[in-house]
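These notes are about the structure you will find just below.
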Protein chains: 2
Amino acid sequence: MPVTLGPIEKPRKQPIQARSTATVEAILDATVQVLIAEGKDRLTTTRIAHRAGVSVGTLYQYFPNRRSLLQATLRRKLVTVTEAIEAACLEHRGERLSAIVEGVALAFFRAKMRDAASSLALYAVSSDVDGLRIAEELRLRSGAALAEALESAPERLSVPTKEAVFAIQAALSGMSRTLLETRMPVRDHATVQRNLVVMLCSYIQAVRAVDALQAVAVPRARQ
Amino acid sequence: MPVTLGPIEKPRKQPIQARSTATVEAILDATVQVLIAEGKDRLTTTRIAHRAGVSVGTLYQYFPNRRSLLQATLRRKLVTVTEAIEAACLEHRGERLSAIVEGVALAFFRAKMRDAASSLALYAVSSDVDGLRIAEELRLRSGAALAEALESAPERLSVPTKEAVFAIQAALSGMSRTLLETRMPVRDHATVQRNLVVMLCSYIQAVRAVDALQAVAVPRARQ
DNA sequence: TCCAAACCTGAAGCTTCCTTCATCTAAACA
DNA sequence: TGTTTAGATGAAGGAAGCTTCAGGTTTGGA
């Protein structure tokens with residue numbers, strides 16, 4: 001996969017007056033709305049602008065191209081989730097490992113499922129827009145917060161913190177993504193969430209330093 | 001997101017002679033190759049045909065449109081992984097829960113990581129092509145196999161099999177996707193894989209019928 | 001009140017790519 | 001060897017959407 005670095009993007013006008021700040025927000029909102037209502041195939045700049053109540057020209061005054069608009073939209077959503085995780089990490093600092101993990105998992109889920117439709121819709125554009133870079137950046141950010149939180153716990157881990165953080169993040173994002181993508185009815189979300197918490201908590205117990213081998217027989221990976 | 005059902009697709013020529021069967025395979029292979037080498041933005045029908053050593057016209061004799069070609073390519077990959085899971089489920093029938101889970105997890109990983117580049121590349125086109133439908137279909141298929149395997153174990157679960165299956169599938173796909181997307185060096189794969197197996201095995205222990213509460217204090221999900 | 005800066009407009013140019021189809025070649029078969 | 005059917009070709013039609021830019025409107029301050 002080629003790294004579409006994109007040349008240094010032409011700088012665009014920064015919103016100065018209140019009017020234009022509102023315009024930019026309206027454009028970002030409209031992007032999500034069109035995406036949800038019409039799907040990525042009909043997510044054209046003209047349609048977005050129209051929905052935002054402005055003309056295409058205006059759109060191009062704040063975003064150098066379609067791509068950067070979608071990136072900004074995606075980033076806005078991911079930042080929200082990241083901040084929710086960071087807040088949970090702070091809130092549970094110093095607590096027991098499983099309390100931290102549970103707190104973070106629940107916070108993550110809440111943030112991701114608030115406005116589930118937009119979370120789902122944005123998955124679809126991510127690959128058009130190098131969403132992986134953005135996701136990676138934010139994964140590192142929330143990963144740092146989680147690592148810090150885990151190390152503030154009274155217990156030790158028997159595996160490197162990095163490994164545990166990766167495993168937890170992967171399970172979290174995988175579970176929420178699968179949940180959204182299968183369009184599971186909302187009333188079942190609580191059940192899935194409970195299973196996820198069980199999974200993460202029993203994992204973190206299993207990799208606690210002292211009694212890891214006692215709590216669960218850790219299987220060696222073959223091969 | 002609108003359901004792009006696509007009208008009933010015009011039936012195309014079925015390969016009859018050996019020559020044309022080879023052509024179809026070459027086109028599918030070329031699709032993956034172009035995708036990996038040039039990225040989804042340059043994945044044009046002309047380029048695919050050229051890489052396959054045929055002309056565009058030939059391509060359109062076997063696929064009614066670009067979309068169906070990409071779907072076929074995606075499906076071919078996912079079917080491989082699904083079959084690996086099914087095989088593992090059969091192989092471990094009747095064993096202990098954690099043995100089944102471990103066996104399936106390892107089989108899944110092996111299948112997914114064999115030719116990791118194509119797995120990663122195909123994620124990118126999935127959303128252009130209603131890949132969710134295909135993924136969902138195959139998720140159900142491998143889910144059925146896994147459910148059957150879990151119920152063949154000597155132990156019982158304290159949660160509905162469906163729930164456990166969903167949780168395991170979600171964690172598996174999430175972990176492998178995250179692994180691929182972060183482009184983690186291959187030498188670290190084993191470590192991640194080991195953590196995943198620990199996570200899944202300790203989960204399945206936690207939701208065993210008898211001593212679920214003893215092995216791990218199952219936290220109640222708040223809210 | 002008037003000017004300059006900020007902001008907005010939208011028709012049309014431009015590029016890109018999918019898809020078709022009239023025509024040609026190769027294979028099977030009598 | 002002649003005929004029929006399968007398979008292959010690729011130039012060109014057509015549709016679609018991104019982006020620009022020349023010119024209009026609004027705002028804030030002098």
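The values are calculated or read from the model by the stated rules, or taken from the named source; none is laboratory data. These numbers come from a predicted model, not from an experiment. Glycine also receives a Cβ, built like all others from the backbone with ideal geometry; neighbour counts cover every protein chain displayed. Please note that ligands, DNA and RNA were not included when accessible areas were found on the heavy atoms of the full protein model with its side chains. Shrake-Rupley method; radii C 1.70, N 1.55, O 1.52, S 1.80 Å.
Among the residues making up segment A:22-36, those that are open to solvent by less than 50 Å² (accessible area, probe 1.4 Å) and either more than 15 Å from residue A:123 (Cα to Cα) or out of contact with any helix residue (DSSP H, G or I) (no Cβ under 9 Å at 6 or more places or on another chain) (or both) are A:23, A:24, A:26, A:27, A:28, A:30. Residues that are open to solvent by 50 Å² or more (accessible area, probe 1.4 Å) and under 21 Å from the mean Cα position of the chain (by Cα) within segment B:37-82 comprise B:67, B:75, B:76, B:80, listed in sequence order.
Would you pick out the residues in segment B:66-99 that are touching a Lys or Arg at 6+ places or on another chain (Cβ under 8 Å) and more than 25 Å from residue B:123 (Cβ to Cβ)?
Selection gives B:97 alone.
The set of residues in segment A:168-187 that are more than 9 Å from chain B (Cβ to nearest Cβ) and in a helix (DSSP H, G or I) comprises A:180, A:186, A:187. Of the helices (runs of 4 or more DSSP H) lying entirely inside segment B:1-113, the ones with 3 or more residues being under 30 Å from residue A:43 (Cβ atoms) and modelled with pLDDT of 95 or more are found at B:18-38, B:45-52, B:56-62, B:66-91.
Here residue B:93 does not qualify as within 11 Å of another protein chain (Cβ to nearest Cβ) and open to solvent by 50 Å² or more (accessible area, probe 1.4 Å).
Restricting to segment B:132-154, count the residues that are of a type in the set (S, T, N, Q) and within 14 Å of chain A (Cβ to nearest Cβ).
Residues meeting the conditions: 1.
Flag not set for residue A:51, criterion: over 30 Å from residue A:106 (Cβ atoms) and near DNA strand D (Cβ under 8 Å from one of its atoms). Checking B:112, B:40 one by one, the residue that is within 14 Å of another protein chain (Cβ to nearest Cβ), more than 16 Å from DNA strand D (Cβ to nearest atom) and under 17 Å from residue B:131 (Cβ atoms) is B:112 and no other.
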